[in-house]
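Presented below is the structure to which this report refers.
The values are calculated or read from the model by the stated rules, or taken from the named source; none is laboratory data. The shown structure was predicted, so the numbers you read here are calculated from the model rather than taken from an experiment. Here the Cβ positions follow ideal geometry from the backbone for every residue, glycine too, while neighbour counts run over all protein chains shown. The area values use the complete protein model at the heavy-atom level, side chains included, leaving out ligands, DNA and RNA. Shrake-Rupley method; radii C 1.70, N 1.55, O 1.52, S 1.80 Å.
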Amino acid sequence: MDTNSEKIELRLPFKAEYVSVARLTASGIASRIGFDIEAIEDIKVAIAEVCNKLVVIKSDKSDYYTITFNISHDSLTIVFDCDDDALGCIFGDDENGLGVSIIKALMDDVNLCMNEGSFLSMTRHLEGVN
Amino acid sequence: MSEELKINEKYIDGSLYVVLSGEIDIYTSQGLKERLCDIVEREKSDLRIDCSNLNYIDSTGLGLLVGVLKKVKQNGNKIYLINMKENIKKLFVITGLDKVFNIEE
């Protein structure tokens, strides 16, 4: 598979029962890229922490958010978007919480507050690939 | 949608063990919290949780265990987490909770 700059998008409702779908999707993609089992577990947990926060803060459960998996030959970048600009920095009041601690520890690059529509991104690099 | 979380209880040499199988996430954690709180209220003893077949936990699950620990400590007791898999133990270490709970092999 040519993995240069490919994208996979997952669109989910703000509902707790679908967070596992994000985890399973992340697991499949990370495995396809070549991450080992430990890294796959890390990516699953980090993504789920963002999904958890979204599900908790978003009162209108009929809306959707989008997870974009940006695949390159040496990394996986996950970007979270939704149509609701009001979401802003979703961890703004919880920078020292368990969720943020876990995300920062498990992912290589984390941007908790983005501009230009997307509100959060995180990257995990594939070890040993230049 | 989530892998089902199964919660069983067994007694070994007079001590209660809560045996967890599956995943603790935002969807399954509420049921677990209610069950553990009921057990703590009923037993008023140390809480031993067998994690041999627990495959996943997130911050929601960690948070609920901290809440249950507060209840357990009110009775002067402890929570023992037994046979955690490495991916789960890793999250306890990251969050510093490995120093709060009694983690046993």
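Assuming B:Asn77 fulfils every condition listed in (1) under 22 Å from A:Val55 (Cβ atoms); (2) surrounded by 15 or more Cβ atoms within 10 Å (Cβ to Cβ); (3) touching a Lys or Arg at 6+ places or on another chain (Cβ under 9 Å) apart from one, which condition is it?
Only one criterion in (1) under 22 Å from A:Val55 (Cβ atoms); (2) surrounded by 15 or more Cβ atoms within 10 Å (Cβ to Cβ); (3) touching a Lys or Arg at 6+ places or on another chain (Cβ under 9 Å) is unmet by B:Asn77, namely (1).
Check B:Lys70, B:Lys89 and return the single one that is within 14 Å of another protein chain (Cβ to nearest Cβ), surrounded by fewer than 19 Cβ atoms within 10 Å (Cβ to Cβ) and free of Cβ contacts under 8 Å to residues at least 24 places away in the same chain.
B:Lys89
Residues A:Ala26, A:Ala39: which one is of a type outside the set (Asp, Glu), in contact with a Leu (Cβ under 9 Å, 6 or more places away or on another chain) and within 24 Å of A:Asp83 (Cβ to Cβ)?
Going through A:Ala26, A:Ala39 in turn, just one is of a type outside the set (Asp, Glu), in contact with a Leu (Cβ under 9 Å, 6 or more places away or on another chain) and within 24 Å of A:Asp83 (Cβ to Cβ): A:Ala26.
Just to be sure I understand, how many residues within the range A:77-87 are surrounded by fewer than 19 Cβ atoms within 10 Å (Cβ to Cβ) and within 18 Å of A:Asp42 (Cβ to Cβ)?
0
Would you please list the contacts, defined by Cβ atoms under 8 Å and residues six or more apart or on different chains, that run from a residue in the range A:37-59 that is more than 11 Å from A:Ile90 (Cβ to Cβ) and of a type in the set (Lys, Arg) to a residue that is open to solvent by less than 10 Å² (accessible area, probe 1.4 Å) and in a helix (DSSP H, G or I)?
Between residues of the range A:37-59 that are more than 11 Å from A:Ile90 (Cβ to Cβ) and of a type in the set (Lys, Arg) and residues that are open to solvent by less than 10 Å² (accessible area, probe 1.4 Å) and in a helix (DSSP H, G or I), the close pairs are A:Lys44/A:Arg23; A:Lys44/A:Ala26; A:Lys44/A:Ala30.
Counting only residues that are more than 11 Å from chain B (Cβ to nearest Cβ), open to solvent by 20 Å² or more (accessible area, probe 1.4 Å), aliphatic (A, V, I, L, M) and not in a strand (DSSP E or B), how many does the range A:6-61 have?
The number of residues fulfilling the criteria is 2.
Give me a count of the residues in the range B:2-34 that are within 19 Å of B:Phe101 (Cα to Cα) and open to solvent by 30 Å² or more (accessible area, probe 1.4 Å).
Qualifying residue count, the range B:2-34: 3.
With respect to A:Ile90, determine if the residue is open to solvent by less than 30 Å² (accessible area, probe 1.4 Å), under 16 Å from the mean Cα position of the chain (by Cα) and touching a residue at least 40 places away in the same chain (Cβ under 8 Å).
Yes: the conditions hold for A:Ile90.
Is there any pair linking a residue in the range A:95-107 that is under 15 Å from A:Leu120 (Cα atoms) to one that is part of a loop (DSSP other than H, G, I, E, B), with Cβ under 6 Å and at least six apart or on different chains, and which?
Pairs found: A:Val100/A:Phe91.
Looking at (1) at pLDDT 95 or above; (2) surrounded by 17 or more Cβ atoms within 10 Å (Cβ to Cβ), which is the only condition A:Tyr65 fails?
Unmet for A:Tyr65, out of (1) at pLDDT 95 or above; (2) surrounded by 17 or more Cβ atoms within 10 Å (Cβ to Cβ): (1).
Under 6 Å between Cβ atoms, at least 6 apart or on separate chains: pull out the pairs that start in the range B:48-61 with a residue that is within 13 Å of chain A (Cβ to nearest Cβ) and closer than 17 Å to B:Leu97 by Cβ and end on any residue that is among the hydroxyl-bearing types (Ser, Thr, Tyr) and buried (at least 23 other Cβ atoms within 10 Å of the Cβ).
Going by the 6 Å Cβ cut-off, the qualifying pairs are B:Thr60/B:Ser29; B:Gly61/B:Ser29.
To keep it simple, each residue is scored yes or no on (1) among the small types (Gly, Ala, Ser); (2) modelled with pLDDT of 95 or more.
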position: A:Glu17; (1), (2): no, no
position: A:Gly28; (1), (2): yes, yes
position: A:Val45; (1), (2): no, yes
position: A:Cys51; (1), (2): no, yes
position: A:Val55; (1), (2): no, no
position: A:Ile71; (1), (2): no, yes
position: A:Leu87; (1), (2): no, no
position: A:Gly92; (1), (2): yes, no
